[in-house]
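Heads up, the thing below is written out as structure tokens.
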Amino acid sequence: MTPPMPPDAEMSLMRCLRQLVLSVGLALGLVAGVALPAAAVVPPFPQPSEWATICDTKRPAGTNLARGTNCRWIPVDGHPRRYLVYVPQNPTYSLGRRWPVVFMYHGSSGDGEQFWRNSGWRALAEQQGFIVVFPTGLRYDLLDGPRITKWTDFGLAADVDLTVRLDGYPATAPMPADDVKFTLRMLADISTQLFVAPRRFHLAGFSNGAGMAARVAVQRPGVFASAAITGGGLSDVYDPSRNPSLLFGVGTLDDRFLEVINRVAEPDLTEIPLSWADVETVLPGFLANHRDTFGMDPADVDVVEGATSTRATWDLPLGGEDDDQVVRFVLMEDLAHKYPTAPNNPNGFRFALMSWAWFDAHRLP
């Protein structure tokens, strides 16, 4: 496990990245929206079938980003990694503006194309004017199951066979893959092609992707302002140099959590409204990992017990120049282990919309 960067190094990285974004953005901004000639570009891997219909551009990193869906790839430790960059087509938002950037990490066995289709983030980007990135994780052999896509969250090494490599994955490349580096490479690619808003980089994720977003948040808190995750999170306690604001949630019918705490035998505690004392009883370890990582005071929590959700909010103790950091947990009624969009759960939770409101309110100082 890669340890968090020291605070001084983290702040130095943040300042350097901001300076890079500003200087390169100013140099390239005048041509950032000019499309390159349409040419056949063949990626160094089998193309997903969806690329035949969804890609407005199909180019390697370091080339132009256009409005719409940009299907891209970038080498990381000698291996090509793929991702989608969606730039709104809404003419209300000029290509010369400073774009907020959201990274959306899929869950286990998923891919970026799946969340491009089904998460609700693309439509929201069109409405609100931000760039959203849909990367795809590498495939690993589970210790007790098939080969599926996974992100290198803090717990991955315990779940996969690290002696088995993908075809073409270099022998010198780290196992598991360095997905934090992958994230920073994608961000650098976007930052050199379009103007971006350095105080407004955010992380979203579901399930294993929630764990990945949480990892990036605690290891690069000087780069990313906030995170919003559901169906997963931190698997242990960590010590970030700065507390990024975090929104995290889970459904009352999420079998990953019900199984862990043996909740199937007590269905009464999966119904909303719940008292906060009951929520802490239902999810003690899950809440404790986040509470102890972010320094949330268990005695200083604002609880709202609603008709379809129970919500708890903490102000965080790491203040100084980085004030206004907040953590919020939401328990959503009748939601199974799925990324909440309006059509797929009885109460119509839309986690992308909830997340964007969170991101819009929490920026780097």
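The values are calculated or read from the model by the stated rules, or taken from the named source; none is laboratory data. Not measured: the values here are computed from a predicted model. Cβ atoms come from the backbone with ideal geometry, glycine included; neighbour counts cover every protein chain shown.
Data table
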| quantity | calculated |
| --- | --- |
| Members of the range 154-206 that are farther than 20 Å from residue 220 by Cα, in contact with a Leu (Cβ under 7 Å, 6 or more places away or on another chain) and aliphatic (A, V, I, L, M) | 160, 166, 175, 194 |
| Residue check, residue 201 touching a strand residue (DSSP E or B) at 6+ places or on another chain (Cβ under 9 Å) and of a type outside the set (Ser, Thr, Tyr) | yes |
| Filter pass, residue 312 being modelled with pLDDT under 95 and either among the aliphatic types (A, V, I, L, M) or not in a loop (DSSP other than H, G, I, E, B) (or both) | yes |
| Given (1) of a type in the set (Asp, Glu); (2) part of a loop (DSSP other than H, G, I, E, B); (3) surrounded by 18 or more Cβ atoms within 10 Å (Cβ to Cβ), index of the condition residue 189 fails | (2) |
| Looking only at the range 220-234, and only at residues there that are assigned to a loop (DSSP other than H, G, I, E, B) and of a type in the set (Gly, Ala, Ser), the one that is nearest to residue 316 (Cα to Cα) | 225 |
| Residue 109 being over 14 Å from the mean Cα position of the chain (by Cα) and either of a type in the set (D, E, K, R) or assigned to a loop (DSSP other than H, G, I, E, B) (or both) | yes |
| Count of the range 67-125 residues which are closer than 27 Å to residue 230 by Cα and among the polar types (S, T, N, Q) | 7 |
| Qualifying residue in the range 161-181 (condition: aromatic (Phe, Trp, Tyr) and closer than 21 Å to residue 62 by Cβ) | no |
| Qualifying residue in the range 196-211 (condition: in a loop (DSSP other than H, G, I, E, B), within 29 Å of residue 283 (Cα to Cα) and at pLDDT 95 or above) | yes |
| Selection within the range 79-118 - closer than 17 Å to residue 152 by Cα and either surrounded by fewer than 21 Cβ atoms within 10 Å (Cβ to Cβ) or of a type outside the set (Phe, Trp, Tyr) (or both) | 79, 80, 81, 82, 104, 106, 107, 108, 109, 110, 111, 112 |
| Pairs where the first residue, in the range 131-143, is in contact (Cβ under 8 Å) with a residue 12 or more places away in the chain and farther than 21 Å from residue 117 by Cβ and the second is among the charged types (D, E, K, R) and surrounded by fewer than 24 Cβ atoms within 10 Å (Cβ to Cβ), C-beta under 7 Å, 6+ apart | 140/147; 141/147; 141/161; 142/159; 143/159; 143/161 |
| For residue 63: the one exception among (1) within 26 Å of residue 165 (Cβ to Cβ); (2) more than 20 Å from the chain's Cα centre (by Cα) | (1) |
| Filter result (modelled with pLDDT under 95 and touching a Gly at 6+ places or on another chain (Cβ under 9 Å)) within the range 42-83 | 44, 45 |
| Members of the range 84-109 that are touching a Gly at 6+ places or on another chain (Cβ under 7 Å) and either among the small types (Gly, Ala, Ser) or on the phi > 0 side of the Ramachandran plot (or both) | 96, 107 |
| Of residues in the range 339-363 being in contact with a Phe, Trp or Tyr (Cβ under 8 Å, 6 or more places away or on another chain) and not in a helix (DSSP H, G or I), the one surrounded by the fewest Cβ atoms within 10 Å (Cβ to Cβ) | 341 |
| Unique residue being more than 30 Å from residue 335 (Cα to Cα) and either without any contact (Cβ under 8 Å) to a residue 40 or more places away in the chain or touching a helix residue (DSSP H, G or I) at 6+ places or on another chain (Cβ under 9 Å) (or both) when the list is 185, 165 | 165 |
| Pair list, Cβ under 9 Å, 6 or more apart: the range 275-289 residue assigned to a helix (DSSP H, G or I), other residue among the hydroxyl-bearing types (Ser, Thr, Tyr) | 276/310; 278/310; 279/310; 282/252; 282/270; 289/235; 289/238 |
